[in-house]
Every structure is written in C-alpha cells, then in structure tokens.
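Everything below concerns the one structure shown next.
The values are calculated or read from the model by the stated rules, or taken from the named source; none is laboratory data. This one's a predicted model, so the numbers in the text were calculated from it and none came from an experiment. Cβ atoms come from the backbone with ideal geometry, glycine included; neighbour counts cover every protein chain shown.
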Amino acid sequence: MIEFQQVNKTYRVAGRDIPALHPTSLTVPQGQVFGLIGHSGAGKSTLLRLINRLETPSGGTIIVDGEDVTAFNADQLRRFRQRVGMIFQHFNLLSSKTVADNVALPLSLAGELSRKQIDQRVAELLARVGLQDHAKKYPAQLSGGQKQRVGIARALATEPKILLCDEATSALDPQTTASVLKLLAEINRELNLTIVLITHEMDVIRRVCDQVAVMDAGVIVEQGPVAKVFLHPQHPTTKRFVQESENVDENEQHDDFAHVPGRIVRLTFQGESTYAPLLGTVARETGVDYSILAGRIDRIKDAPYGQLTLAITGGDMDAAFARFTEADVHMEVLR
Ligand SMILES: Nc1ncnc2c1ncn2[C@@H]1O[C@H](COP(=O)(O)OP(=O)(O)OP(=O)(O)O)[C@@H](O)[C@H]1O
Ligand SMILES: [Mg+2]
C-alpha cells in the first residue's frame, strides 16, 4: 500500500539544511497497522506527512496504492488526499461547528454527495465511533476521548484506504487510550484499512501494531514484526523504549543479579507455549532448581507471550538448557 524508495527530506531554515529524514526505504503492506516509534525530533511526523504529501520529499520516490505520488499535480494531490485520512494529538476539530458538521466537512468539501447522503453517512460514521448521541454537541462539550472519536469519524468520512495517526492517543489518559486503540484495531479489521501510527510508547505499539519501525535522528534503526522487535530488541533506542514500557528503571536493569547464585537465563514464550507447564517438567526431569528473578506475561496484539528471567542451580544444567531450546521457547543465557 505504501512504498518509500530512498526517500529523504531536508528542511532549509535560515540558509541552513536540517536533515529530518535520511534516505529511507520502507514497505507497508495493505491492511497492516504499522507503528513508528522514536524520540522527539526523530523524524516521525516528517515521514508520516510525506505519505499524504503534506511534505514534499527532497529526493526518492513514494508509491501509494500503486501510484507515484511524487509526480502528482495539484488536482491529483487534492483527490489523493481524500483517500488518506489523518488524525492528530490535539484533534484539530473546528470549535464553532457541531460534532456532525465537523464529520461532514470533508464530504461537503469534496462536493460529491447530496445533503441527504451526507447526513446519512455522518450518522453511520458517528455510530461506528460510538457517538450517535452526541451529533449536536460542540467539541468543547466533549471529553478528550470523544473528541478523538470525532477526529476518527471525520478522517473516515471520504472512505480512505489509509489512516495516518500522529500521536493520536498522547493527550489521553491510559484507559481512554486503550478504548481509542481498540476502536482503531476494529476499524483496521472491519474496513481492512491500512494504518500508520506514530507513538512514543512501546505499549501502544504492542497493543495494536503488526509491524514497527524505530526511528532515531532521521533514520529507521530497527524494523520488523512487533513480536520480534519487542521481545528481542537489538538497537539501544529500541531497548530503551521496551524497558520504559516494562517500567524497568535503569538501575534495576544494570543490576546483573550479582548476589544471585547459578546461571541466569531469559526465556521467551510465545503463543501456545506460554501456557505449557515447561518449567516444572524440566526441573523434575533434569534435577535443576530455579528461582524467578523477573517476569511478565501479557499480549502482543492478540497473541499471548511470557518472558521470565530465571536463576538456575544444581542438576543437569546442560540437559535443562537443551530441553528449553527443544521446546518452542527462545532462550538467552545472560550469565
Ligand atoms: N517545517 C519544518 N521546518 C524546519 N524544520 C522542521 C520542520 N518540521 C520538522 N523539522 C525538523 O525536522 C526534524 C524532525 O522533526 P519531526 O517533526 O519529524 O520529528 P518527530 O519525530 O515527529 O518529533 P515529535 O515526537 O516531537 O513530534 C526536527 O529536527 C525538526 O526540528
Ligand atoms: Mg511529531
């Protein structure tokens, strides 16, 4: 659905070039939720805004839905942007218009539907985002979560194929964030919409994304399926985001469990293996003993996973390690 071929973007400010995106190649398959994570200034918004050509690339080619959007003229661009919805951190609603009129706006601007058709489509959109009873309200009368739902309804009005989300949940509390993410996941599933989502929280990525790209200083430093990147981060930036999401503070992380005897391993269980009684079986069969130093069981999108750090003592340790490796479990020896 989206393909970047060596795309770069340099802003020119007061005679100086600011490289915001170094030459980047990237593919987002149709129907995926693709996450972009990175610190402030990493170039996330720049990359996102290149997709709907709110920014013009300094070099490279951008193909969206089979078309080279770098070659579009003004009229083609206007029509193209109707096929790419966007939502924002601060919602960008018009405060002088009702909820229904905010959602209707892209349809009135497109000028393709009658008033009656617009009203019907707005009613459908408001029902989809759970705001059917709020049509006549003004944005100031809504909660943050409700405002973002209006933003989503408005973004979907012209039946886009792609939805771009720039920090869409960053202004919301955790519970509201969860409900908005659930809505985005639903939309992705039911409308088969491709979603590109910016966040600075790994937890947002873990809950809704299929793929993730980690950005640092205008470069994608790590990219792949969420389970792989989240459970086995390679780049220091990725590791830091994962640690933050697990509430591990730096001191704790640097504690190498010096006072704990035995070998230290980290086991990662995914899918069905998460529920298998592996530890007990291996301990009984090989005579090793273990204590759990750290652990977490959670979900990545819909798939369960578990990650346990164990200190292992006594018994036939090599046999135990072999058993872990044989099972559908990823083992890293930390010490
Ligand atoms: N319109 C602009 N003119 C000049 N420089 C810009 C412009 N927009 C962004 N930049 C610069 O480009 C770099 C990347 O900015 P960008 O907004 O893409 O980062 P970001 O990852 O979205 O950050 P944040 O998390 O703070 O939103 C920064 O150095 C920024 O100052
Ligand atoms: Mg940004």
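The residue that is farthest from Phe88 (Cα to Cα), counting only those in region 159-177 that are away from ligand 2 (no atom under 16 Å from the Cβ) and assigned to a strand (DSSP E or B), is Ile162. Where strands (runs of 3 or more DSSP E) fall wholly inside region 29-144, the ranges with 1 or more residues that are among the hydroxyl-bearing types (Ser, Thr, Tyr) are 59-64. For residues that are outside any strand (DSSP E or B) and among the small types (Gly, Ala, Ser), scanning just region 178-215, find the one that is surrounded by the fewest Cβ atoms within 10 Å (Cβ to Cβ). Only one residue tops the list, namely Ser179. Test Val212 against the stated conditions and say whether it is in contact with a helix residue (DSSP H, G or I) (Cβ under 6 Å, 6 or more places away or on another chain), under 18 Å from Leu181 (Cβ atoms), in the same structural domain as Leu184 (by TED's automatic domain parsing) and touching a residue at least 40 places away in the same chain (Cβ under 8 Å). For Val212, the condition - in contact with a helix residue (DSSP H, G or I) (Cβ under 6 Å, 6 or more places away or on another chain), under 18 Å from Leu181 (Cβ atoms), in the same structural domain as Leu184 (by TED's automatic domain parsing) and touching a residue at least 40 places away in the same chain (Cβ under 8 Å) - is met.
May I ask you to verify whether Arg49 is surrounded by fewer than 20 Cβ atoms within 10 Å (Cβ to Cβ), more than 16 Å from ligand 2 (Cβ to nearest atom) and under 23 Å from the mean Cα position of the chain (by Cα)? Here the answer is no, as Arg49 does not meet what is asked. When you check Thr27 against the structure, is it surrounded by fewer than 21 Cβ atoms within 10 Å (Cβ to Cβ), assigned by TED's automatic domain parsing to the domain that holds Leu107, within 22 Å of Val204 (Cβ to Cβ) and more than 9 Å from ligand 1 (Cβ to nearest atom), yes or no? It is true that Thr27 is surrounded by fewer than 21 Cβ atoms within 10 Å (Cβ to Cβ), assigned by TED's automatic domain parsing to the domain that holds Leu107, within 22 Å of Val204 (Cβ to Cβ) and more than 9 Å from ligand 1 (Cβ to nearest atom).
If you filter region 216-228 down to residues that are in contact (Cβ under 8 Å) with a residue 24 or more places away in the chain and assigned to a helix (DSSP H, G or I), you find that the one that is nearest to the chain's Cα centre (by Cα) is Val226. For residues in region 1-16 being near ligand 1 (Cβ under 10 Å from one of its atoms) and part of a strand (DSSP E or B), which is surrounded by the most Cβ atoms within 10 Å (Cβ to Cβ)? Among residues in region 1-16 that are near ligand 1 (Cβ under 10 Å from one of its atoms) and part of a strand (DSSP E or B), the one surrounded by the most Cβ atoms within 10 Å (Cβ to Cβ) is Lys9.
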